[in-house]
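The values are calculated or read from the model by the stated rules, or taken from the named source; none is laboratory data. All of these numbers come straight from a predicted model, not from anything done at the bench. In this analysis, Cβ positions are derived from the backbone assuming ideal geometry, glycine residues included, and neighbour counts consider all displayed protein chains. Just so you know, the surface numbers come from the protein's heavy atoms only, side chains and all, with ligands and any DNA or RNA stripped out. Shrake-Rupley method; radii C 1.70, N 1.55, O 1.52, S 1.80 Å.
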Amino acid sequence: MSNAREIAMKVIYDVEFNGAYSNMALKKALKTDMPKQDKAFISNLVYGVTDRKLTLDYVIGKFSKIKLKKISKYILIILRMGIYQIMFMDKVPTSAAVNESVKLARRYGHGASAGFVNGLLRNVSKTEIEYPSDKIEYLSVKYSFPMWLCEKWIDEFGYDFTEKLIESFGMEKRLNIRPNRLKITADELCKKFNDNGINAEVYDGYIVSDGFDISADSLYNDGYYTIQDSAAMQTAKVLAPCEGDTVIDMCAAPGGKTTHIAELMNNKGKIYAFDVHEHKIELIKKNAKRLGITIIEPKLSDGCKIDESMINTADKILCDVPCSGLGIIGRKPEIKWNRAEDNDLPKIQRQILDNASKYLKITGEIVYSTCTIEKEENETVTDSFTADNENFEKVFEKTFYPHIDNTDGFYICKMKRIK
């Protein structure tokens, strides 16, 4: 397990200092022949330390005479990992957390590093941590969220709502699995999982399961299912495409929602899947091929620029626009540290929506969606759009909140062109 800690340390370093995405860095680090318990331990440590960074640094600051900025990068990560194991991983003995951290400190620090790490972690293990008395600062430190985000959400939602919201991001969620209806039903797929020793059950047409390695699963590789959060699954359902429709997905990669639309169309009709990056076009093709879908035509296209050839051609359009991603902090905790308080995303989102509206036929429908709960990226964008376009009206609108809906944070708005 000591090697597992070293792997976790390097992944955290990559996320913290090289701007890597935690899920991608983990995928690269976790080898297929690695024991399952090591994979689980590394994943828990990486996501946990990344998520709880502010809390862990607060604790280090309470016990260290050296300022955080002067602690070397690797020693800082080793301290965070050690404290996280002591405070949040009940199955890890404190002695193991301390001793293994000291070993890493000897390897990645200078002569005094091991003693510094040993002393600080032992003091932490013996002391009850006191959090700040100020209510907003308490939320920020206890749940490890940037102060500006706590203040923003308290202003929008109130204190109690915000505390429940940010607490929910740290709760473990079960895997959501979308059966490929072109090949199998939810009940049939669930039985196959259970027969293979995977604990799974059907819920509302999809499957919930404990986490497992999908990369080595033949059912996944043979195209029987897609991993997708239940809120994201609602996007294609709300769009409600029909067989034979012409559909445009304005920001399609990697193709999770695009392929769901195709499945709902029974692989009959046409879907144009736009993306601005060539390598992401290849991801869409790869996903479609795995699932046995033939009606998707990936197209290298910038949603912010008008494509004259597509005007008045679509029956249905999906605008799953680039967003702050603050609804998926539970799965990508680094998002809350990488997002700035102000951003230009609403301008981009509105431009994509404006262009999409020109591609839609009369009586056609657009679904605008994001994986954030930020009103300026959601209701504000769709409200301004319908206010400026009297030939469109809203027919459905919902924001999903993790602590209420047991999903990612997500927004869906369906608008119809009435003339």
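Residues in the range 200-222 include none that are open to solvent by less than 10 Å² (accessible area, probe 1.4 Å) and touching a residue at least 60 places away in the same chain (Cβ under 8 Å).
This table checks each residue for (1) closer than 30 Å to Tyr206 by Cβ; (2) modelled with pLDDT under 95; (3) acidic (Asp, Glu).
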| site | (1), (2), (3) |
| --- | --- |
| Ile129 | no, yes, no |
| Asp134 | no, no, yes |
| Tyr138 | no, no, no |
| Phe145 | yes, no, no |
| Asp155 | no, no, yes |
| Gly158 | no, no, no |
| Thr162 | yes, no, no |
| Gly170 | yes, yes, no |
| Arg174 | yes, yes, no |
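Against the test of being open to solvent by less than 70 Å² (accessible area, probe 1.4 Å) and more than 30 Å from Lys36 (Cβ to Cβ), the options Thr226, Thr246 yield a single qualifying residue, Thr246.
Scanning the range 342-382 for residues that are out of contact with any helix residue (DSSP H, G or I) (no Cβ under 9 Å at 6 or more places or on another chain), open to solvent by 20 Å² or more (accessible area, probe 1.4 Å) and either free of Cβ contacts under 8 Å to residues at least 40 places away in the same chain or not charged (D, E, K, R) (or both) yields Asp342, Asp344, Lys347, Ile348, Gln351, Ile362, Thr363, Glu379. Residues in the range 311-341 that are touching a Phe, Trp or Tyr at 6+ places or on another chain (Cβ under 6 Å), under 17 Å from Glu377 (Cβ atoms), assigned to a loop (DSSP other than H, G, I, E, B) and open to solvent by less than 60 Å² (accessible area, probe 1.4 Å): Gly327, Ile329.
The set of residues in the range 229-243 that are within 22 Å of the chain's Cα centre (by Cα) and open to solvent by 30 Å² or more (accessible area, probe 1.4 Å) comprises Gln234, Lys237.
Being out of contact with any Leu (no Cβ under 9 Å at 6 or more places or on another chain) and over 23 Å from Ser384 (Cβ atoms) is the filter here; which residues of the range 398-419 pass it? Residues satisfying the conditions are Asp405, Asn406, Thr407, Asp408.
Taking the criterion of being open to solvent by 40 Å² or more (accessible area, probe 1.4 Å), in contact (Cβ under 8 Å) with a residue 60 or more places away in the chain and touching a helix residue (DSSP H, G or I) at 6+ places or on another chain (Cβ under 8 Å), the residues of the range 132-160 that qualify are Lys142, Glu156. Against the test of being part of a helix (DSSP H, G or I), within 23 Å of Ile214 (Cα to Cα) and in contact (Cβ under 8 Å) with a residue 12 or more places away in the chain, the options Leu79, Leu54, Leu26 yield a single qualifying residue, Leu26.
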